[in-house]
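Novice: Got a structure for you, written out below as structure tokens; questions coming shortly.
The values are calculated or read from the model by the stated rules, or taken from the named source; none is laboratory data. What you see is a predicted model, and the numbers here were worked out from it, not measured in a lab. Here the Cβ positions follow ideal geometry from the backbone for every residue, glycine too, while neighbour counts run over all protein chains shown.
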Amino acid sequence: MKFRRSERLIDMTNYLLDHPRHLVPLTFFAERYSSAKSSISEDLGIIKETFEQRGVGTLQTVPGAAGGVKFFVNVSNEEAKPFVNELCNLIAKPDRLLPGGYLYLTDILGNPTIVQKAGKIIASAYANVKIDVVMTVATKGIPLAYAVASQLNTPVVIVRRDSKVTEGPTVSINYVSGSAKRIQTMVLSKRSIPQGSKVLIVDDFMKAGGTVIGMISLLEEFQAQVAGIAVLVEAEEIEERLIDEYISLVKLENVDVKEKTINVKEGNYFNK
């Protein structure tokens, strides 16, 4: 079946967006649309220019007989800032306050539109970094980790508090919670991470960073390397931050339970 150019452009764009960081040979598109490679190259040039102008991402050409193109997500600051500001406004609503000064974030982390957008922005920061695995802990941050991983074309590994028989042999460590100063346990299946993997740690909320430190210690048992650390929200009023290198989309400045006020601002994402 012969495709018109407009049809090719739409279908190619959709395919590339669905397969980020995946090498697509030109022959694949040529056979898919029964078109010459020269025509496919011209189409990809149009898509690349449009992606870059609109701040969607970019196409990287891989030369050689086994080459092709790869799509890398890229969210411009002009596009990310309105979303982060909207996120700040959502989090700052007084009715999010829970007893003990905690915040209700389940609705935000359960909203596919918000989570997918946040995941895309975080993935954009690591688009050019080699990442083999996205890791998170078994909390509300799991949807965010999957959203990031979908843009980086990587699997997700979930660290649990206790072992599951369906995961086979596991590795466990004890760590000290950064905020509560309690000793807690982390467990991960031995089959989860290949030795030498480069791992992006993603979490929904970070206080002092004790949980992240625990995941880093667990990665050492697998001889894996930390490629980056990203959180949706970080708390600012912390005496001692255990983590220095990380990115955050939102920074929680202050929570006043008595006055029922929540002060938030942009995280350090735009300083990267």
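Novice: Checking the condition within 20 Å of ARG5 (Cα to Cα) and in contact with a Pro (Cβ under 7 Å, 6 or more places away or on another chain), which residue from GLY68, GLY45 passes?
Specialist: Step by step, each of GLY68, GLY45 is checked, and only GLY68 is within 20 Å of ARG5 (Cα to Cα) and in contact with a Pro (Cβ under 7 Å, 6 or more places away or on another chain).
Novice: For the structure I just gave you, tell me whether GLN225 is of a type in the set (S, T, N, Q), in contact with a strand residue (DSSP E or B) (Cβ under 8 Å, 6 or more places away or on another chain), surrounded by fewer than 21 Cβ atoms within 10 Å (Cβ to Cβ) and over 23 Å from GLY168 (Cβ atoms).
Specialist: It is true that GLN225 is of a type in the set (S, T, N, Q), in contact with a strand residue (DSSP E or B) (Cβ under 8 Å, 6 or more places away or on another chain), surrounded by fewer than 21 Cβ atoms within 10 Å (Cβ to Cβ) and over 23 Å from GLY168 (Cβ atoms).
Novice: When you scan the range 151-196, how many residues do you find that are under 30 Å from LEU59 (Cα atoms) and touching a Lys or Arg at 6+ places or on another chain (Cβ under 7 Å)?
Specialist: The total comes to 3.
Novice: Hey, can you tell me all the residues within the range 226-245 that are at pLDDT below 95 and of a type outside the set (D, E, K, R)?
Specialist: VAL233, ALA235, ILE238, LEU242, ILE243
Novice: Surrounded by 12 or more Cβ atoms within 10 Å (Cβ to Cβ) and in a loop (DSSP other than H, G, I, E, B), is that true of VAL69?
Specialist: no
Novice: Report yes if some residue within the range 120-137 is farther than 26 Å from LYS207 by Cβ and without any contact (Cβ under 8 Å) to a residue 12 or more places away in the chain; otherwise report no.
Specialist: Checking the range 120-137: not a single residue is farther than 26 Å from LYS207 by Cβ and without any contact (Cβ under 8 Å) to a residue 12 or more places away in the chain.
Novice: Further, regarding this structure: Would you tally the residues in the range 86-104 being loosely packed, with under 13 Cβ neighbours inside 10 Å, on the phi < 0 side of the Ramachandran plot and in contact (Cβ under 8 Å) with a residue 12 or more places away in the chain?
Specialist: 2
Novice: Of all residues in the range 228-272, which are within 23 Å of THR136 (Cα to Cα), in contact with an Asp or Glu (Cβ under 9 Å, 6 or more places away or on another chain), of a type outside the set (D, E, K, R) and surrounded by fewer than 18 Cβ atoms within 10 Å (Cβ to Cβ)?
Specialist: ASN268, the sole residue that qualifies.
Novice: Every residue in the range 217-272 that is of a type in the set (Lys, Arg), in contact (Cβ under 8 Å) with a residue 24 or more places away in the chain and touching a helix residue (DSSP H, G or I) at 6+ places or on another chain (Cβ under 8 Å), please.
Specialist: Passing the criteria: LYS260, LYS265, LYS272.
Novice: Out of all the residues in the range 1-26, which are surrounded by 14 or more Cβ atoms within 10 Å (Cβ to Cβ) and either among the polar types (S, T, N, Q) or over 23 Å from GLU52 (Cβ atoms) (or both)?
Specialist: Residues satisfying the conditions are PHE3, THR13.
Novice: Now, a different point. Hey, among VAL171, VAL199, VAL187, which residue is modelled with pLDDT of 85 or more and crowded, with 20+ Cβ neighbours inside 10 Å?
Specialist: VAL199
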